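Below you'll find the structure, written out as structure tokens, and then a few comments.
The values are calculated or read from the model by the stated rules, or taken from the named source; none is laboratory data. All of these numbers come straight from a predicted model, not from anything done at the bench. Don't worry about glycine lacking a Cβ; one is built from the backbone with ideal geometry, like all the others, and counts go over all protein chains shown. Accessible surface areas use protein heavy atoms only, side chains included; no ligands, DNA or RNA. Shrake-Rupley method; radii C 1.70, N 1.55, O 1.52, S 1.80 Å.
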Amino acid sequence: MDALFVGHAYIDVTMLADAMPAGDEKAVARDYAVSFGGNAVTAGFACAKLGHDVHILTTQARDWLGHMFAEMADAYGVRLHPRKVARSSLSFVLPNDGKRAILRARDDHYLQPFIRLDISDARLLHLDGHMADAAIHYARAARERGVLVSLDGGALRPRIEELIDFVDVAVVSRKLCEQMSFTEGEMLAWLKSKGCRVGAVTVGEEGTYWYEGAAAPQHLPSLNVPAEKVVDTSGAGDVFHGAYCASYLERSGASWQDHFEFARAASAHKIQHLGNEAGLPSREDVARAKATFPPAPAGLGQDVFEKR
């Protein structure tokens, strides 16, 4: 395997609607998409679409949604290593004016221990903090074998502070900063103190604040996708993670600025499409986004270390 992704799986139902009905009201959506979902899962599919041998350790149920998920994985050449649950997890996603509301039903009561895999041949491990026991087991194993460990720190999840000790590349959200009462600058300093070689905070249209090694933190603006082209921002962060993983696997000697620039172009492609599957970019799609959309104006991303 090139990479192992560990996280919780969903089936996402994404609907474009002008308004949400309430009470006894009914409404007709303008469009919909049904796709795989979940942070590390979507990142894994994105990495596979970009040409890599991806294995995913994730939840799976013996129900019709679980069968659908298995067929999706097979279509992308993704090798699943299921951890059984009674019911599949489901998300309803409602994009609205560059944001998205999400209603979830999740089953994380595992019916079996996680599978122990030999990751000696892997070059990258990507985690989203779900299944903390499995995440910590594989992070330890990866550290022992010199496998790069990447973390999507989207929210404060159990044992994340223990997990971070084994992480090489931590890309976290503004939400996690808020949950831990950190500014973005304080979060980057904390990640560096925990030994993360690369740390980043993604802040949507403001772009990404990040550092590599001992260098000072930097700001990478997002690409300026016109508002009329933005269809669905859900999954854009997951595609960002999957794309920088793919870039690292392709060019491990490149700088992390190169990897993150590749990833932001992948995200710029994603937000123009409804649902996760439709938004998975090819390499040609990434190149097209890079060529089409300039970086956002500087005013969108002033130095966070001065303003906060």
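Just to verify a result, which residue in the stretch 210-257, among those that are without any contact (Cβ under 8 Å) to a residue 24 or more places away in the chain and under 18 Å from V172 (Cα atoms), is least open to solvent (accessible area, probe 1.4 Å)?
Y211
Conditions: (1) surrounded by fewer than 19 Cβ atoms within 10 Å (Cβ to Cβ); (2) at pLDDT 95 or above. A139 meets all but one. Number of the miss?
(1)
Does any residue of the stretch 35-57 turn out to be more than 19 Å from the chain's Cα centre (by Cα), surrounded by fewer than 16 Cβ atoms within 10 Å (Cβ to Cβ) and of a type outside the set (A, V, I, L, M, F, W, C)?
No, because not a single residue in the stretch 35-57 is more than 19 Å from the chain's Cα centre (by Cα), surrounded by fewer than 16 Cβ atoms within 10 Å (Cβ to Cβ) and of a type outside the set (A, V, I, L, M, F, W, C).
Can you tell me which residue in the stretch 259-301 is surrounded by the fewest Cβ atoms within 10 Å (Cβ to Cβ), limited to those that are within 18 Å of the chain's Cα centre (by Cα) and farther than 26 Å from A33 by Cα?
Result: E261.
In the list D74, D118, D108, D152, which residue meets the criterion of being charged (D, E, K, R), open to solvent by 70 Å² or more (accessible area, probe 1.4 Å) and in contact with a strand residue (DSSP E or B) (Cβ under 9 Å, 6 or more places away or on another chain)?
D74
Please work out if K84 is of a type outside the set (A, V, I, L, M) and more than 29 Å from S282 (Cβ to Cβ).
yes
When you check P21 against the structure, is it open to solvent by less than 30 Å² (accessible area, probe 1.4 Å) and modelled with pLDDT under 95, yes or no? Write out each step before concluding.
Values: open to solvent by less than 30 Å² (accessible area, probe 1.4 Å): no; modelled with pLDDT under 95: yes.
In short, no.
So E178 passes all but one of these: (1) acidic (D, E); (2) open to solvent by 40 Å² or more (accessible area, probe 1.4 Å); (3) in contact with a Leu (Cβ under 9 Å, 6 or more places away or on another chain). Which condition number does it fail?
Tallying (1) acidic (D, E); (2) open to solvent by 40 Å² or more (accessible area, probe 1.4 Å); (3) in contact with a Leu (Cβ under 9 Å, 6 or more places away or on another chain), E178 fails exactly one: (3).
Could you give me the residue pairs with C-beta distances under 8 Å whose first residue belongs to the stretch 186-207 and is among the β-branched types (V, I, T), whose second residue is open to solvent by 30 Å² or more (accessible area, probe 1.4 Å) wherever it lies, and which are 6+ apart or on separate chains?
V198/E212; V198/G213; V201/R174; T202/R174; T202/G237; V203/R174
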